[in-house]
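Here is the structure we will look at, set down as structure tokens.
The values are calculated or read from the model by the stated rules, or taken from the named source; none is laboratory data. Fair warning: this is a prediction, and the values are worked out from it, not measured in the lab. FYI the Cβ positions are ideal-geometry reconstructions off the backbone, even for glycines, and counts take in every protein chain you see. Areas reflect the complete protein model, heavy atoms only, side chains present, ligands, DNA and RNA absent. Shrake-Rupley method; radii C 1.70, N 1.55, O 1.52, S 1.80 Å.
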Amino acid sequence: MIKKRYLNGIFSLFLSVLFFWAQAQKVNLNYYLPDVFYNPNITTPEEYLGWQPGEWHITHDQITGYFKLLAKESPRMKFTEYARSYEQRPLFYVTISDESNMGQIEEIRKKHIELTDASKSMDLDIADMPIVLYQGYSVHGNESSGANAAVLLAYYMAAAEGDRVEKLLKEAVVLLDPCYNPDGLNRFASWVNMNKSTTLVSDPNDREYNEIWPRGRTNHYWFDLNRDWLLLTHPESRGRIQAFHHWKPNILTDHHEMGTNSTFFFQPGVPERTNPNTPQLNQDLTEKIGTFHAKALDAIGSSYYTKESFDDFYYGKGSTYPDIQGSIGILFEQASSRGHYQESVNGILTFPFTIRNQVVTSFSTQDAAIEMREEILRFQRDFYQNAAKEVKGDGTVYKISKKPDYNKAIYLAKLLSQHDIIIYDDGNMEGYFYIPVQQKQSRLIKTMFEVVTDFKVNIFYDVSTWHFPAAFNMLISNSVQSISDDWKLFNAEELVQHDNAFKTDTEMVSFAFEWEDLNAGILLNALLENGFQPRMMHEAFTASTIKGEKRFDRGTILVKSGDKNKNLFDLANKVNVKLYGITSGFNSEGVMLGSPSSFKPEKVKALMLIGNSVNAYDAGEIWFQMDQRLNIPLTKVELTRFSSLNLSRYNVIIMPDGSYRSLKQEDMDKLKQWVSSGGTLIAFKRALNKLNGSLITYESIPTAKRTFENYGDRQEKSAQHVIGGAIFESEIDTSYPLFYGYSSSSYYSFKRGTLAIKPAGNSLANPMVYKTKPLFSGYASEENKERIKNSSGLVIYGIGSGRIVGSVDNPLFRGYWRGGDKLFENMIFVSGAISGVGLRED
Ligand SMILES: [Zn+2]
């Protein structure tokens, strides 16, 4: 017998009254969910957790366990894991639809995908097709009301009965993704739960509401995953984007939180700050969907706003990525209670209240989807029809050259292919990867490859440009040509690899590899770890290899042939770096192999300063680069421990962007002492300001004093002088050790912030100078362009036998700016070999 029951049971009502004095936020399930029949065979969240959502912050393992259970109990639901976070938490969504749809879900999916195929979509009967919703939550781990709401939503869709849910599940496929960022969510849940008092504390000063650095917003490596949708640096994003393209949903939602004193926001954002590549109809539909949110929030008396803030400009955000691909991305922002029960200007903000707003707007998204189903399906179809018309007859093909850096070309091609971009491979390691613009993703390709310098409005919530070729320091050519029958579709699993096919007893004078290779730094570190004695050449030379004469540039690494050859070949093959066997030390051009113009790089023993006042994103990017890419152990030390620390075991100290306000004069003296005994100190952006005057001296170029004509304009006027993220072009000296491995004298860097530094008096100490027209792509005010032109990108100093290398820009921006990898590697491996004549003297 199936027992039906109502949720507002007398028992739970009794409990909530009894404990009201201590559990002011204790609520019933029908505080969140509509009062309908629920299938009693489906476990409620409270039965599973032992407490009602909102009483505690749910941890990610609890979410996973509950969703797995629901998928087992309900024939409406299927569990799909799409990735693992770094801390080995599963990322997943559940596919939810009625039993009949679930029985033919793969057919439904395939037919749905045909809507995005301009050659097939006009034959589809839209009236008949379910709409596909991707509802996702809490990409910022410390904005957790969304993930907690998703648990309630999952229960509702698994257990509820009646007209609404039946219509929903008949006419929609819901892909429910409770948490885009498991590691961050868990970090935050632990924090608020461990600091929660039984007698709730509403004082914002309580520890519960003040997370310690680096907080739960980010993923394991302190990256903002809501900037990574286009960049795909992390497994969370790569898996999610694969799921996105597997389904190509019509609507994708992204539920966030904002400041405690605000209300509730839903898109559209500021209309004139929408990316011009997004069709107006996308924004119109977003606005129409918004009327459903407004109605739903009115019904429960919650305040909200729209259009006044946030934008839809950068496609690397969850709510904007879909907008360039025929979907509709929607951002929600709920005022955050952070913990459980916090005072705000609007009174006490309880955690359950924040969860309820997320639940209600998740329902209103579904209601809009059902009501507007055909309109939204038609929009998706027409988006791809129109995109196909735009490129009809356009035979342009972009060409990614595999020379001079095959591994970098592979990385870029892989990244693009993950966005469902079609790429052809000529199979030749010295050839090209080809990207025809005439394909489904033509609009996405356009935005990834376009230089933009004209903007309607000069205010950006995030970056103003993301030009991928510049990010790889690799300008990409294009030509009008046809697709050759000899090319194969790009397949990351079947790429031609360098074949270091030497016999293990091969005796050469030496083996060599080129420093320009994206993976050369990994190999250099592996050699140092494995007891090799590699040497780096300061000069170019032409040597006799077993395959003939070959020119090697500055920075080439030499490894002596010997009994460890097999190990050498294995290490090189593992990272696909080409080894050259050199047969004689007598070079036909340039220096001899035994030249004194070379040095032995040391194994890097690095320390990075972190903690309050250090930019956690930039620090995380360095940690990620060292750990995930270069496999170099990095010791992370809190600033509070610096004064008692023995520095003698480190040869590299890294200071990411930050104000370092807690470091005192004696700390600076300690650093200076350590540098003078031979250490390499690497400082980024504002860390340079901290060193200026105590360890180094430079003159920065001041900004003009702001004057405003009236009070109302002040924010807009000052925002115009922000460099939120733009690409600048500089002239580099490729003979300078910090630029070994660069073959072009133009270098692109990503600039955030307005620091500009006058060049050194010693002209040899200016290996990177911004061009006279420094802005390549993105927005910067005329004043800033003027300040930055001909200024210096690097500050290079010497104290005793040590070196200080400072960079105005972050070369590792968001882990996707791979054009800066080599500069960073040179900083850690090569700085110590910079001759005194190349240093600032002033
Ligand atoms: Zn957020």
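Annotations for the structure displayed:
- As a ratio to 2.2 N^0.38 Å, the alpha-carbon radius of gyration for the range 283-381 is 1.19.
- The range 327-432: C-alpha gyration tensor shape, a/c 1.5 cut-off, then a/b vs b/c: oblate
- Neighbour net charge for residue 177 - beta-carbon separation under 12 angstrom, K R +1, D E -1: -2
- The order of the peptides 382-393, 124-135, 526-537 by mean Cβ neighbours within 10 Å, most packed first, is 124-135, 526-537, 382-393.
- Annotation: peptides 144-150, 566-572, 298-304, ranked by per-residue average of other Cβ atoms within 10 Å with the highest first, follow the order 144-150, 566-572, 298-304.
- Tensor-based shape of the range 782-842 (alpha-carbon gyration tensor, a/c under 1.5 rounded, otherwise prolate or oblate): oblate
- Averaged over residues, the count of other Cβ atoms within 10 Å places the peptides 101-109, 71-79 in the sequence 71-79, 101-109, highest first.
- For the range 235-241, putting each phi into the Karplus relation 6.51 cos²θ - 1.76 cosθ + 1.60 with θ = phi - 60° gives couplings of x, 4, 6, 4, x, 5, 5 Hz, in residue order, rounded to whole numbers and with x for Gly and Pro.
- Part-to-part distance (alpha-carbon centres) for the range 575-617 and the range 259-284, which is given in Å: 48 Å
- Efficiency of FRET between residue 597 and residue 195 - r from beta-carbon atoms, R0 56 angstrom, step 0.05: 0.45
- Descending principal axes extents, the range 203-290, alpha-carbon based, whole Å: 46, 32, 21
- Model label zone, residue 835; criterion: amide N under 16 Å from point 7 Å along Cα-to-beta-carbon; scope the range 541-566: 541, 554-555
- Here each label is just a point 7 Å from Cα along the line to Cβ, and for residue 298 and residue 170 those points are 2.8 nm apart.
- If you wrap the range 135-261 in the convex hull of its Cα atoms and look at it from every side, the mean projected area works out to 10.0 nm².
- Extent along the principal axes, Cα only, for the range 646-709: 56, 21, 19 Å, with the longest axis given first.
- For the chain, the convex hull spanned by the alpha carbon atoms encloses 182 Å³ per residue.
- Stretching residue 46 away from residue 743 to a fully extended chain increases their span by 244.7 nm, per 0.36 nm per residue minus the current alpha-carbon distance.
- Under the simplified labelling scheme, the residue 789-residue 73 pair shows an inter-label distance of 6.8 nm, with each label point 7 Å from Cα along Cα→Cβ.
- In range of the label at residue 428: residues from the range 501-518 whose backbone nitrogen is under 11 Å from the point 7 Å along Cα→Cβ: none
- Taking all protein chains into account, the per residue accessible area for the chain stands at 38 Å² (1.4 Å probe).
- Note on residue 707 and residue 453: the extension gain reaches 88.9 nm, defined as 0.36 nm multiplied by sequence separation minus the Cα-Cα distance.
- When the alpha carbon coordinates of the range 572-715 are projected onto the principal axes, the ranges are 74, 42, 32 Å, largest first.
- Applying a DSSP loop filter and a limit of 14 other Cβ atoms within 10 Å to the chymotrypsin sites (Phe, Trp or Tyr not before Pro) in the range 673-731 leaves 708.
- Here the alpha carbons of the range 263-309 define both size measures, Rg and Dmax, at 11.5, 36 Å.
- Annotation for the range 27-77 versus the range 114-143: alpha-carbon center distance of 26 Å.
- Look at the Cα gyration tensor of the range 647-780: its axes a ≥ b ≥ c give a/c of at least 1.5 with a/b at or below b/c, and that counts as oblate.
- Radius, Kirkwood style, for the range 45-190 when every pair of distinct Cα atoms is counted (Å): 16.2 Å
- Solvent-accessible area assigned to carbon and sulfur over the range 731-814 amounts to 50 percent, based on a 1.4 Å probe.
- Computed P(r) (all Cα pairs; the range 465-565; 10 Å bins; percent): 11, 31, 31, 21, 7, 0
- A simple spin-label model places pseudo-atoms 7 Å from Cα toward Cβ; at residue 560 and residue 113 they are separated by 5.6 nm.
- Pairs from the table (664/771; 578/600; 488/822; 574/822; 72/170) lying more than 25 angstrom apart at Cα are 664/771; 488/822.
- Think of it as helices only: each DSSP H run of n ≥ 4 in the chain is worth -39500 (n - 2.57), and spread over all residues that comes to -9000 deg cm²/dmol at 222 nm.
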